[in-house]
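S.K.: Below: one structure in structure tokens.
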Amino acid sequence: MTARSGIPRFSGGFKAFSVSFNTNRETGTESRLFVYSQGSRQKVHIYLWLKLLWNELSKDEWKLFLSMPETLNNEMIYDSLRAINFQGKRATRQRLIKSPYCPKEYLPNYDRYRGFMRLNVEISLENRRLPKVPKFSGYVKSASAIGSKRSSGKSSYLDLMAINCEDYEKVVFNWFSYLTIGEY
């Protein structure tokens, strides 16, 4: 659904948030997806995830789902999208349901999706002009003004290489191969 600016079409309480869709610094414009919903941002994200797996997303919902940082920063969702392109939605969904590694909040249960279907979500696209950035002359009064006198606080090589077991398991586990290779 598309929303009117200022007020959602559904009655009752609502929450609003926006997601940056496109920023063009040359023309000084920004396109944002403005969302009205009855649930929080996380609930809307889970709703779009479940709707993707059990139904079809509209054009605006696709834009919102792919523009949300929660989608592309989550390895399971990103690799699931790759697996859907590779083998289809049904096989990927079945493997996610049977997976013991799938986080509980993203588990694609149909009953859960039916519960989320009551969530009203309205999406509108807003364009705005970015504030003008002041020009940088290049003049610096002293080295202290740019912070070049401070030590950088570099960490040792061993500190960077220290990985506990849980982080190692997260790095080693490959969702794409888990969802696409072999049979159950």
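The values are calculated or read from the model by the stated rules, or taken from the named source; none is laboratory data. No experiment lies behind these values; they were computed from the predicted model shown. Heads up, the Cβs are rebuilt from the backbone with ideal geometry, glycines too, and the neighbour counts pull from every protein chain shown.
S.K.: Specify the residue that is surrounded by the most Cβ atoms within 10 Å (Cβ to Cβ); the eligible residues are those in region 96-107 that are under 22 Å from the mean Cα position of the chain (by Cα), assigned to a helix (DSSP H, G or I) and not β-branched (Val, Ile, Thr).
M.R.: Looking at the filtered set, the residue picked out is 96.
S.K.: Assess whether residue 84 counts as being under 27 Å from residue 8 (Cβ atoms), of a type in the set (Val, Ile, Thr), part of a helix (DSSP H, G or I) and within 19 Å of the chain's Cα centre (by Cα).
M.R.: no
S.K.: Would you check if residue 22 is part of a helix (DSSP H, G or I), of a type in the set (S, T, N, Q) and over 27 Å from residue 11 (Cα atoms)?
M.R.: Answer is no for this residue.
S.K.: Quick one: in region 34-49, which of the residues that are part of a helix (DSSP H, G or I) and β-branched (Val, Ile, Thr) is surrounded by the most Cβ atoms within 10 Å (Cβ to Cβ)?
M.R.: Looking at the filtered set, the residue picked out is 44.
S.K.: Right, another one. Would you call residue 31 touching a Lys or Arg at 6+ places or on another chain (Cβ under 6 Å), outside any helix (DSSP H, G or I), touching a residue at least 24 places away in the same chain (Cβ under 8 Å) and over 19 Å from residue 108 (Cα atoms)?
M.R.: For residue 31, the condition - touching a Lys or Arg at 6+ places or on another chain (Cβ under 6 Å), outside any helix (DSSP H, G or I), touching a residue at least 24 places away in the same chain (Cβ under 8 Å) and over 19 Å from residue 108 (Cα atoms) - is not met.
S.K.: Please specify each residue of region 37-57 satisfying the condition of being touching a Lys or Arg at 6+ places or on another chain (Cβ under 9 Å) and without any contact (Cβ under 8 Å) to a residue 60 or more places away in the chain.
M.R.: Those that are touching a Lys or Arg at 6+ places or on another chain (Cβ under 9 Å) and without any contact (Cβ under 8 Å) to a residue 60 or more places away in the chain: 40, 41, 52, 54, 57.
S.K.: Please go through region 110-145 and pick out each residue that is closer than 20 Å to residue 94 by Cβ and in contact (Cβ under 8 Å) with a residue 24 or more places away in the chain.
M.R.: 110, 112, 113, 116
S.K.: Residues in region 59-71: is at least one out of contact with any strand residue (DSSP E or B) (no Cβ under 8 Å at 6 or more places or on another chain) and outside any helix (DSSP H, G or I)?
M.R.: There is no residue in region 59-71 that is out of contact with any strand residue (DSSP E or B) (no Cβ under 8 Å at 6 or more places or on another chain) and outside any helix (DSSP H, G or I).
S.K.: If the requirement is being in contact with a Phe, Trp or Tyr (Cβ under 6 Å, 6 or more places away or on another chain) and surrounded by 16 or more Cβ atoms within 10 Å (Cβ to Cβ), which of these qualifies: 60, 79?
M.R.: 79
S.K.: Considering 63, 89, which residue is among the basic types (Lys, Arg) and more than 28 Å from residue 27 (Cα to Cα)?
M.R.: Only one candidate qualifies: 89.
S.K.: Taking region 108-149, which residues are in a helix (DSSP H, G or I) and at pLDDT 80 or above?
M.R.: Within region 108-149, 110, 111, 112, 113, 114, 115, 116 qualify.
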